[in-house]
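Bear in mind these aren't lab numbers, they're just calculated from the coordinates by the rules spelled out. These numbers were taken from a predicted model, which means no experiment stands behind them. For neighbour counting, all protein chains shown are included, and Cβ atoms are generated from backbone atoms with ideal geometry for every residue, glycine included.
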Amino acid sequence: MVAPADPADGPSTGLADRLPPAGDTLTPMATLDRFLDWVADSGLTPYAHQEAALLELYSGQHVVLATPTGSGKSLVATGLEWKALCEDTWCVYTSPIKALASEKFFQLCEVFGPEQVGMLTGDASINRDAPIICCTAEILSNMALRDDQAFSPPYVIMDEFHYYSDAERGVAWQVPLITMPRTQFLLMSATLGDTSEIQRLLAAQSGRDVVEIASAERPVPLDFSYRDSPLQTTVQVLLAEQRAPIYIVSFTQRECAELAQALLSIDVCSPTERKAIGRAIAGARFDSPYGREIRRFLAAGIAVHHAGLLPRYRLLVEQLAQQGLLKVICGTDTLGVGVNIPIRTVLFNKLVKYDGKRLGILSARDFHQIAGRAGRKGFDDRGSVVCQAPEHVIENKKASDKAAATGRKARSKKPPPGTVVWSQQTFDQLVSRQPETLISRFRVSHGMMINVLQREVEPAGYRFLVELIARCHESEPRKAELRREAAELFRALRRAGIVEPSRDPVTGRPRVLVSEALQDEFALHDALSLFAVDAVLSLDPTAPSFALDVLSVVEAIQQDPRAILIAQERKVKGDLIGRLKAEGVPYEERMAQLDQVTHPKPPKPLTDFLLASFQVFAQRHPWVRAGDLAPKAIAREMAEGYWSFEDMVRRYGFQRFEGLLLRYLSQVYKAMVQTVPEQARDEAVLDLIAYLRTTLERVDSSLLDEWERMMGLAGPDEVERAGETYDLARDPAALEARIRAELLALVRALAAADYEEAARAVHAEDPEAWDAERFEAALAPFLAEHGRIVFEPRTRKRAHCIIRPSGHRQWSADQILVDPDGDNLWHVAARVDLNGVHNPAGPIIRVWNLGT
């Protein structure tokens, strides 16, 4: 079915062709007329609120756009981006999540052309000098803190602006407002609530009027209903009423998978629809441990969507949904944040959410943000929002109906103790309530301090931070608290040698600079990073376990991935109980020992050192909480065994939250790169960093793959990553560590007889690339003679890997294959060629021989 043209969607292509010739200028109204002509030529008629917002923007006013989901806020944003292009200047679009930034990036590439659009997310940097930049809010916030105001973007679009009130991240939405007085802002959300105070402060600080464009009218009206039937029955009724696609909202990842599994018992798709899905997923990779289950769900027209999935699986679900192939999506509320997936019906499985501290009824903002996804203009006359009654209510209804049929009295079930219960009245109140008023969440962190101290122009340094606190949207008493916190942070950084006093070379005035001894990537974006620096420098660099201990320090300052730690503890307890039973240990003693078991942690002496050191650190830094340090051994355990990502997932049963493990390892890798001081980076530490990088890159590169397909690029170096100017060839230690890590990943795959994985471990575009069959055939004589490859810590020593320069930006590498007999005559011979590339994505080793 082809949807009729709709101004909520906006045209998709052709706008770049209407740009004025280089050097020509248009008046603001002529620019707007040209944009509206493009809209009209696409068969669209803008809504009144879209025209009003565009007129205010082109008149130079800030605009707060508070209109429902699906009402065409994106078209208004495109109009402002067009204005920037016509004026030969630039514009920044910000979002709360990387997924939304990447989706907007690809959409704008279609509208304006790939050469006009770039993206910055922290993980990827693509075409960063483009006039239209898509980025996360934190990226823009850091730019605003570090850069001269003269280079501030003339236009900024802040999507999902209700995140201003987020307790942890809201500061990133406020910083640009108080540091970019010359910038014109477009602030957008469907659930803003009362923003009058924000508007007043923005107008006062920028000298520019703020206009609110608000509308409660939805292009697609919603109907609301409350159901007390079992979930499968509710879904079957909705399917029969042609109300698919259905988005079933849960607030835990486990529940999403359980619901998807339960729905396999009903027919969601017809045989014809299943065949269409089969064709659509035929070329997709499902090679992770959870891949088989993902494929099984998708084949039935059912999907799961949450942050625990690998990014490539989430992207696949979104693509299938956009093609209309999925009937039911079981997702968390992450799907309610901006990701463009067509939904006809939103089905709340419950109205209770854990907010990080306690279970409670959804806020009105959260409810409307999710419910607003229902209904697609051009496809649906109406959208539906359905809420399931609590499970005990549904069970009581079934029992009552059964009792009425048999003439018996039904027994009513009560909800489990401590359960937060909702009712139809709760649902009706959420439907009618307006979103809560946005609250300022400004705070000062180490990362903010480092950013302002690295400013190269006035106002800069600590004085600029004090000015920033004065401008923020907090109350005067709270500003006084912030000034005290900033002073404590500054003294801590100076004691640690992170900052040092200096004088301005021009004025001679005293100023403070970040120490030049720190590496370029050094960052303190976590409150505990300062402790990590102290702890790493306190370790014994001559100890055999030094590199692993550094890794443990970095892991200890990461937020606990609770699902992973729970699974680790469960596995450790299961193994222990099995062993104790086999040894005949009495039940009471077994239980006593189990009470002492936790998830794996670093060796006890190191754990004790970290906890004791942190107690002292916390006394000197009162803003740090005693429970913030959390020793754990997730990455350390992987590194000790040189496990693959799949090894770790299968060992502990992480299948349903592979994405959580990927995200955690990514955070550890970034912290190793950014936080570990240069003087602590010996060869073993560099090897660990390279191991983590290789592990992450092997698991998921869906974003860069998508970009390469769009641009038709010849090689991965044309896709810039964060730190695009970094040249691997000029960093011999890091280069050798990366080559060793890639060779060891290949040997690990060969030792496990995983020849498909071995084929993926080498350079993908090598004309001599080895496929699985070639690896298997080449290794057969070795296995016939020796039985197996020995892959143990002693066999992974540097002595077994020889790397030599072989030409301009070229190297040869030989990795010995250790055999049980100690002959060690076999090796993997590889080449590395960095001509024409600087820091390429994917494996860089090109195997040319496997033999003696």
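A few remarks follow.
- Note on Asp17 and Glu756: their simple-model spin labels are 4.4 nm apart, each label 7 Å out from Cα toward Cβ.
- In this structure, the pairs whose alpha-carbon distance is over 23 Å, taken from Lys73/Lys377; Lys357/Lys601; Lys327/Lys377; Lys104/Lys350, are Lys357/Lys601; Lys104/Lys350.
- Amide H to amide H distances under 5 Å link Ser423 with no residue, where only residues 5 or more positions off or on other chains count and H is placed in the peptide plane.
- Inter-site label distance for Arg146 and Glu168 at 7 Å from Cα along Cβ, in nm: 2.3
- Here the relative contact order of segment 731-820, from alpha carbon pairs under 8 Å that lie six or more residues apart, stands at 24 percent.
- Using C-alpha pairs below 8 Å separated by at least 6 residues, the relative contact order for the chain is 10 percent.
- C-alpha center-to-center spacing [segment 631-661, segment 776-852] in angstrom: 25
- Take the Cα of Glu197, go 7 Å toward its beta carbon, and the backbone nitrogen atoms of segment 462-482 under 11 Å from that spot belong to 473-476.
- Where labels lie 7 Å past Cα in the beta-carbon direction, separation of Glu773 and Arg804 in nm: 3.4
- Under a model in which nothing but the beta-carbon of Lys, Arg (+1) and Asp, Glu (-1) is charged, the chain shows a dipole of about 3020 debye around its Cα centre.
- Restricting the GluC sites (Glu not before Pro) of segment 157-197 to loop positions (DSSP other than H, G, I, E, B) with no more than 14 neighbouring Cβ atoms within 10 Å leaves Glu168.
- Relative packing of peptides 641-651, 296-306, 79-89, 609-619 - highest average C-beta neighbours within 10 Å first: 296-306, 79-89, 641-651, 609-619
- The Stokes-Einstein estimate for segment 236-367, based on a Kirkwood radius over Cα pairs and taken at 37 °C with 0.692 mPa s viscosity, is a diffusion coefficient of 217 µm²/s.
- Compared with the direct C-alpha span, the chain from Gln615 to Thr852 gains 79.8 nm at full extension, assuming 0.36 nm per residue.
- Cut-off 14 Å, label 7 Å out along Cα→Cβ of Gln593, residues of segment 561-577 by amide N: 572-577
- Straightening the chain between Ala780 and Leu26 buys 264.4 nm, computed as 0.36 nm per residue apart minus the Cα-Cα spacing.
- The chain - convex hull of the alpha-carbon atoms, volume per residue in Å³: 214
- The slack in the chain from Arg382 to Asp355, taken as 0.36 nm per residue of separation less the alpha-carbon distance, amounts to 6.6 nm.
- Positive minus negative residues near Ala741 (Lys, Arg vs Asp, Glu; Cβ under 13 Å): +2
- Computed per residue of the chain from DSSP H runs no shorter than four, each worth -39500 (n - 2.57), the mean residue ellipticity at 222 nm is -14000 deg cm²/dmol.
- Using θ = phi - 60° in the Karplus curve 6.51 cos²θ - 1.76 cosθ + 1.60, the 3J(HN,Hα) couplings for segment 254-269 round to 4, 5, 4, 5, 5, 5, 4, 4, 5, 6, 5, 7, 10, 7, 8, 10 Hz; x is entered for Gly and Pro.
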